[in-house]
Amino acid sequence: MTGRATHLTVGWGPWPDEPFLDMLREHCGALDVHMTVCKDHNVSRVVAGVESGRARVDLHLDMQADYEDEDDPYARLGYAVEDAGGMVVNDPDPAKACQNKAIIHYQLERAGIDVPYTVVVRNWRPATFSLTGAQRRRLGKRFIVKPARGFGKVGVVRVKTGSIKEITQARRFDRGDDFLIQETVEPAWFGHHMGWFRVFCLLGEIIVCWWDTRTQHYTPLTVAEYVEHGLSPLVEMARGIAAATSMRFFSTEIAVTGRGNARRFLSIDYVNDPCDTTLQSHSHSGLPDDVARHMAEAFVAAAWRVGNGAPLSSPPSVWFAG
C-alpha cells in the first residue's frame, strides 16, 4: 500500500477531547509521529481512504468500536486497517470475542486461569430458570448476576436470596443476552489496602494498581509493596489472560482472597476493552496521571516502531509509577 501515511489513528468516537489525547499529541510531536483522531465527523472519510488505498495507517488504537454492530464505522475502521496490512493494537476478532464475558470465561478456564465459580445462563433458557442444589451450595445465598455483554457495571445485580424471581428480574436487563451468575468474592486485606487490583496489559508491559471497589479509586502499586506482599502472581495471571485472549491492551480486575495455602488470585472482570483513560486529576475514579502518561508514550513509540519495521510489542516487563 503506497497511500498517504498516517503513523497512528485513534478511534475516539463522539466524545470530547480529554487530556489523554493531549498526552498522545505531545509524544507524537517529540517523535515526529503523525496522528489522526477519528471522531463521528471524520471516521467514514478515514475508512474510505484506507479501504481505497489513498491512505496508509501504521498503527490503529481503538477506543470506541462495537465489533458486534456491523454498521459501526469504528469497527469497520479496525478491519480496514488490518485488511490493508496495518497493525491494530487489539485485533478486531479477539476484541469482538472479549465483548462477551461468557466466551472469555471459558477461554480463561481452559487456560488454567482461576476465576470465580460461575453458572452461565444462555438467553434461550426460560425466565423460570432455577439453580440446582449443587449450584446453590457453590454460589452461596448471595451472589452476582451480570450480563455477558455488559460493561462498566451496567446491568450487574447483587441478589440477596437467590430466588427465581430475583434471577428473572436481573435477566430482564437484556433478554437477548447471556448472563453469568457468579459467586461473591471477599478480598483479603493488605494493611489499609483492599486486595483488589486493576491490572493493565500494555503491549507486553504489565501495570498494577490497587483498586478500591467501594471508593472506585486507583492507587499505583509500588515496587516495595509488590515484593513485600508476594504479588508476582498478578503479573503471571495478566500475561496468561493476554495469551489466552490474544489481546495487547486491556485491563482486568484481580482479587486476592484467603491467606497462606488458601490464598487465591481470581480474575474477576476478565477483559476490559477499551480502557477508561480519564485522568485522576480530573476525576476521583480516573486513571493515575503517571500511568496515563506512560500509556500515551508507549502507544506513540509503538506507532514509530511499526512505521519503521520494528515489532509492535515491548519485551515483557512490569512498570511501576515513579
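Rule-based calculations on the coordinates, nothing more; no lab input. Computed from a predicted structure; not experimentally measured. Here the Cβ positions follow ideal geometry from the backbone for every residue, glycine too, while neighbour counts run over all protein chains shown.
Full extension of the chain between A310 and W15 gives 103.0 nm of extra length, using 0.36 nm per residue less the Cα-Cα distance.
Computed over the chain with a Gaussian network model linking Cα atoms closer than 10 Å, the most mobile of T213, T36, T184 is T213. Here's the picture: a label point sits 7 Å out from the Cα of Q216 along the beta-carbon direction, and within the range 278-314 the residues with their amide nitrogen under 18 Å of it are 278-289.
Within the straight-line cut-off of under 24 Å between alpha carbons, the lysines reachable from K141 are K101, K153, K160, K165, sequence neighbours fewer than 8 places apart in one chain being disregarded. Taking 7 Å steps out from each Cα toward its Cβ at D69 and F190 produces label points 3.8 nm apart. The alpha carbons of the range 4-89 stretch over 35, 26, 21 Å along the principal axes, in descending order. Cα axis of helix 232-245 to longest principal axis of the chain: angle in degrees, 0 to 90, nearest 10? It works out to around 70 degrees. A crude spin-label estimate for the pair A262 and A30, with each label 7 Å from Cα along the Cβ direction, gives 4.8 nm. Taking every C-alpha pair closer than 8 Å and separated by at least 6 residues, the mean separation divided by the residue count of the range 189-319 gives a relative contact order of 28 percent.
The label point for V120 and the one for V154, both projected 7 Å from the Cα toward the Cβ, are 2.3 nm apart. Under the criterion of Cα pairs below 8 Å and six or more residues apart, the relative contact order for the chain equals 19 percent. The angle between the Cα long axis of helix 101-110 and the main principal axis of the chain comes to about 80°, on a 0 to 90 degree scale.
Consider the candidate values (1) 57, 47, 35; (2) 63, 49, 44; (3) 63, 48, 35; state which one is Cα extents along the principal axes in Å computed from the structure displayed. After the calculation, the listed value that fits is (3).
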